[in-house]
1. I need a count of the residues in the stretch 113-126 that are touching a residue at least 12 places away in the same chain (Cβ under 8 Å), part of a helix (DSSP H, G or I) and surrounded by fewer than 22 Cβ atoms within 10 Å (Cβ to Cβ).
2. Residues of the stretch 19-56 being at pLDDT 80 or above and not hydrophobic (A, V, I, L, M, F, W, C), which ones?
3. Of (1) out of contact with any Gly (no Cβ under 6 Å at 6 or more places or on another chain); (2) at pLDDT 95 or above, residue 191 satisfies all except one. Which?
4. Exactly one condition in (1) touching a residue at least 60 places away in the same chain (Cβ under 8 Å); (2) closer than 19 Å to residue 225 by Cα; (3) surrounded by fewer than 19 Cβ atoms within 10 Å (Cβ to Cβ); (4) aliphatic (A, V, I, L, M) is false for residue 141; which is it?
5. List pairs: first in the stretch 181-193 and over 21 Å from residue 223 (Cβ atoms), second part of a loop (DSSP other than H, G, I, E, B), Cβ under 9 Å, 6+ apart or cross-chain?
6. Can you name the residue in the stretch 60-88 that is more than 20 Å from residue 158 (Cβ to Cβ) and touching a residue at least 60 places away in the same chain (Cβ under 8 Å) and, of all such residues, is surrounded by the fewest Cβ atoms within 10 Å (Cβ to Cβ)?
7. So residue 97 ticks every box in (1) assigned to a helix (DSSP H, G or I); (2) closer than 28 Å to residue 183 by Cβ; (3) touching a Cys at 6+ places or on another chain (Cβ under 7 Å) but one. Which box is left unticked?
8. So is residue 129 assigned to a helix (DSSP H, G or I) and among the hydrophobic types (A, V, I, L, M, F, W, C) or not?
Amino acid sequence: MSFLKSFANAAWCFCFLPLSKKRLVLDIVRSSAGLHGESFSFAEDGLCTIHNSDFTQRKDFKLAYEEAKNTGSWRGWDLRWRAYLYCLLAKTCSRLEGDFVECGVNLGGNAQLIVSFLNFAVLKKRLYLFDTFQGFDPSLLSKSEKRNIAEHYDYPPCYETVKSRFAGKPYVSIIRGTVPLSLEQVHFDKICFLSIDMNCARPEVEAVRYLWKYITPGGIILLDDYGFKNHHEQKKALDGLATELAFDIIQLPTGQGLVFKANPSS
């Protein structure tokens, strides 16, 4: 009887869902029941698929992921496909000239991820980490972001934590301050990989604009929040910058945005 009551309640709620949500629910039900004869092989971090996901069993990735997760950066949330892309794209860029730059560090989860996965100490490259290490700079937030974004994030001061985490790693440089002004503290030569994850539009756009000239042809920019529903203001601003600087942003099903800097001679 309780099953029938639960089913009736679920059916009643379904009737009042908007059409887009109904389609999503039906897709999930079909997939769970066997979409094209198969159930989900991966369902995590907003991404569900029936396709191969055996990367989750790679020993080098599993080790790097656990070390990164243990920083507390993701607050217990699992985001393995996002992390896997981060690792493999960074590895691809490690073969190019230039250093690694991360704007938006928090507790250092992504930085720890590639330090471990790439065995960074042997690369003869530098990893520059830029952050306020205490959350948003309110002066760079729009009214909409102050209302819809900032209140959903809690960033306690973490500079000393990150400094301690990467102590003894001379290839890691930690620069505390507001992006983009803090970028002026470093004399860049070439950048092969740029990670942008600051959860608000203005510093992300200004960081990409400032650093674009340093990115090696073939280098990559990875935009963490580009496709996230609550970060549409960032997407809109970055799309405008893409038009201005003549590059394309590939939206990935993980929510990330991917930019390849084309070789001018190609």
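The values are calculated or read from the model by the stated rules, or taken from the named source; none is laboratory data. Worth saying up front: this structure is predicted, and the values here are computed from it rather than measured. A quick note on method: Cβ atoms are made from the backbone with ideal geometry, for glycine too, and the neighbour counts reach across all protein chains shown.
1. So the count comes out to 3.
2. Across the stretch 19-56, the qualifying residues are 41, 44, 45, 46, 49, 51, 52, 53, 54, 56.
3. Result: residue 191 fails condition (1) only.
4. (3)
5. 185/177; 189/97; 189/98
6. 85
7. Condition not satisfied by residue 97: (1).
8. No: the conditions fail for residue 129.
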